[in-house]
1. Can you name the residue in segment 291-312 that is within 16 Å of the ligand (Cβ to nearest atom) and of a type outside the set (Asp, Glu) and is also farthest from GLY11 (Cα to Cα) among such residues?
2. Within segment 347-368, how many residues are without any contact (Cβ under 8 Å) to a residue 40 or more places away in the chain and either within 24 Å of the chain's Cα centre (by Cα) or over 22 Å from ARG19 (Cβ atoms) (or both)?
3. Only one of (1) surrounded by fewer than 19 Cβ atoms within 10 Å (Cβ to Cβ); (2) part of a loop (DSSP other than H, G, I, E, B); (3) not aromatic (Phe, Trp, Tyr) fails for ILE293. Which number is that?
4. Regarding segment 154-163, can at least one residue be identified that is of a type in the set (D, E, K, R), assigned to a strand (DSSP E or B), buried (at least 21 other Cβ atoms within 10 Å of the Cβ) and not assigned by TED's automatic domain parsing to the domain that holds GLN236?
5. What's the total number of residues in segment 22-43 that are surrounded by fewer than 24 Cβ atoms within 10 Å (Cβ to Cβ), under 18 Å from ILE313 (Cα atoms) and in contact with a Ser or Thr (Cβ under 9 Å, 6 or more places away or on another chain)?
6. Got a number for residues in segment 99-118 being crowded, with 20+ Cβ neighbours inside 10 Å and at pLDDT below 90?
7. Among the residues that make up segment 233-254, is at least one of them of a type in the set (Val, Ile, Thr), at pLDDT 95 or above and in contact with a helix residue (DSSP H, G or I) (Cβ under 8 Å, 6 or more places away or on another chain)?
Amino acid sequence: MFNKVLIANRGEIALRIVRACKELGVKTVAIFSEADRNSLHVRMADESYCVGPPQSARSYLNIPNIISAAEVAGVDAIHPGYGFLSERETFAEICASHGFKFIGPPGPAIALMGDKASAKKRMEEAGVPVIPGSGIVESLEDAKAFCRTVGYPVLIKATAGGGGKGMRIVGREADLAAGLETASGEAQAAFGDGRVYVEKLLVHPRHIEVQVLADEFGHTIHVGERDCSVQKPGHQKLLEEAPAPRLPTEVREKLCWAAVRATRAAEYSNAGTLEFLVTDDGNFYFMEMNTRIQVEHPVTEVVYGIDLVRWQIRIAAGERLTVRQEDIKPRGHAIECRINAEDADKGFAPAAGKLGSVLLPGGPGIRVDTHIFSGAEVPPYYDSLLAKIIAYDRNRASAIARMRRALSETEIKGVMTTVPIHERILDSPSFAGANTHVTWLREEVLQPPAA
Ligand code: MV4
């Protein structure tokens, strides 16, 4: 086991990793920007180093300063958390070349999954369903021929895009040429790469992802699935739950095994998540693989009774994954609400400022992962996540009731937060009926249909 680990992150995930290290008897080194000098992860770590000014590019993305801190502190390993450098292959390689174990997958696996085209190709080779696509469009005639085979509506995507950027729906052949022109122009402007491809448009799919864990000896398991369909416009998750409701058992089993096959095909180790689009006809399609721990990992932890962050550290330290697939059985239901410093009534515009009184929920079946406290500064430089409230109970209806109770107890003065929109979501009959999908929030809650 490592003697000392540097956490190359901030906020709630940095605190989460510090806690996992402490429970393993591992010393912790925090890094912080000048804006985070009084942050909780700095206070909780055994040592801390300032790595630069508030701007991420000059601090949390400043590889030379982070590596220097690791050298000075004499750490054995570096945990990247999520965001920042967590999926940057070069960072993983630089850690290794400086003798620090990167707590995550091998660099080549990060690179393979970071390139959407290579990821999709590897999935097809592993027999994992992918969305039927045209491949890079070389001519209008080719595109027309593809669309005739799959039928309209179709979705044009930019190969350099991601997170929904550069997507355009085309409903009929007469609009295809203009759609391709516009999408390619926008992609060239946004990404410097105008290549586009066409896919069959999946109508109202759900975003369901599968957690996987693999040690460095080839032992790979899945740890069930999470439904992350409740997303803000702009493809940012707002609420996640496990297990995925309204998912037929045979679809769940096929989905999870496809994820294990895909992980094995990627020569992967450590924690990872495979994201799928799932349609009501029981089909599912690989979307992408995230080669990091995710924000929403706690809903999996509470339902399966497994500590994913601790396993990340143990796997990186060369331990065998002693959890067997047959031991993985979900108990109850968990929902996570992301409490962001954002105003949902103003397009989720981020808020910043000094917090006033902070009163966070507790009681049976409530976990709160957060770095905030009364009087804490919420800087404008980073993502707006303040806290994750995870409500766990024996079934979904009880978990919803428990989460509503927890939200009613939550007080965060000083900035607008997403507590009110979560209360609206949980009050929604279609949420209670698990009738959500990836555009549900925008279509049913933010812009509800005229009564
Ligand atoms: C799709 C789709 C429907 N059909 N592809 C958006 C982000 C990117 N990861 C892929 N996305 C989608 N691709 C086809 N062929 C619907 C979406 C989509 C979406 C996917 C996941 C989570 C949220 C989403 C919100 C809107 C659209």
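1. THR291
2. 4
3. (1)
4. yes
5. Of the residues in that region, 2 qualify.
6. Within segment 99-118, residues that are crowded, with 20+ Cβ neighbours inside 10 Å and at pLDDT below 90 number 0.
7. Scanning segment 233-254, I find no residue that is of a type in the set (Val, Ile, Thr), at pLDDT 95 or above and in contact with a helix residue (DSSP H, G or I) (Cβ under 8 Å, 6 or more places away or on another chain), so the answer is no.
The rows are residues; the columns are (1) within 26 Å of ILE7 (Cβ to Cβ); (2) within 16 Å of the ligand (Cβ to nearest atom).
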| site | (1), (2) |
| --- | --- |
| PHE276 | no, yes |
| ASN283 | no, yes |
| MET289 | yes, yes |
| PRO330 | no, no |
| PHE348 | no, yes |
| LYS354 | yes, no |
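The values are calculated or read from the model by the stated rules, or taken from the named source; none is laboratory data. The model shown is predicted, which means the values in this text are computed figures rather than measured ones. Note: ideal-geometry Cβ built from the backbone for every residue, glycine included; neighbour counts use all protein chains shown.
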